[in-house]
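Nothing in this text is a laboratory measurement; each read-out follows from the coordinates by a stated rule. Just so it is clear, the structure is predicted and the values come from calculations on it, not from any experiment. Cβ sites come from the backbone with ideal geometry, for glycine too, and all protein chains shown count toward neighbours.
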Amino acid sequence: GAGVSQSPSNKVTEKGKDVELRCDPISGHTALYWYRQSLGQGLEFLIYFQGNSAPDKSGLPSDRFSAERTGGSVSTLTIQRTQQEDSAVYLCASRRSGGAYEQYFGPGTRLTVT
Amino acid sequence: GQQLNQSPQSMFIQEGEDVSMNCTSSSIFNTWLWYKQEPGEGPVLLIALYKAGELTSNGRLTAQFGITRKDSFLNISASIPSDVGIYFCAGQRETSGSRLTFGEGTQLTVNP
């Protein structure tokens with residue numbers, strides 16, 4: 001079946017502009033995660049959605065970052081007033097409900113702030 | 001953010017050689033996962049480990065969940081050029097809402 005998809009694949013924006021990144025999880029997966037990967041680094045947790053529960057936002061680095069998940073499916077990560085240090089690959093992952101903890105990742109969005 | 005200690009950072013090997021990499025943590029994890037990432041792509045799940053002491057294989061890959069629950073290793077046998085990529089370990093704690101904590105990755109280069 002279809003995997004996690006993300007759009008756009010690449011985004012170049014000017015410092016100070018807002019950007020929106022989109023994630024379509026695997027159909028039927030109830031949990032959705034956003035991670036950030038800086039150049040040559042591991043993945044840093046940002047935010048987690050599970051069903052209709054309140055999201056775990058504890059990984060968001062500042063109040064310029066926010067995310068929504070509509071209808072329990074598609075999610076949008078918004079970065080307001082982008083800064084150069086926001087440049088990174090933003091990865092989305094989804095997981096099915098139940099006891100399994102395997103997360104499946106999309107291809108990522110490479111964000112470059114100039 | 002919090003990271004696992006993954007080593008080595010990079011490896012340069014000849015095709016056919018075996019490879020071993022590991023991750024350690026100062027705290028306990030309930031689940032260990034190993035991912036491979038190729039340029040321009042997201043991480044792909046290789047192996048998931050759920051029980052302390054568990055040894056699991058996936059083709060030429062073998063991974064173990066350490067008895068103390070604070071470490072895991074991944075072995076690749078008889079490496080081939082397509083094994084090139086960055087390998088990440090990731091751990092999950094029950095108290096963390098199932099978010100994953102990642103190691104910094106092991107960059108593997110296989111010379112034909």
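Report, in listed order, any pair from A:Lys57/B:Lys51; A:Lys15/B:Lys36; A:Lys17/A:Lys57; A:Lys11/A:Lys57 with a Cα-Cα distance greater than 26 Å. Checking Cα-Cα distances, A:Lys57/B:Lys51; A:Lys15/B:Lys36 exceed 26 Å. Between A:Ser27 and B:Ser10, the FRET efficiency estimated from the beta carbon spacing at R0 = 41 angstrom works out to 0.65.
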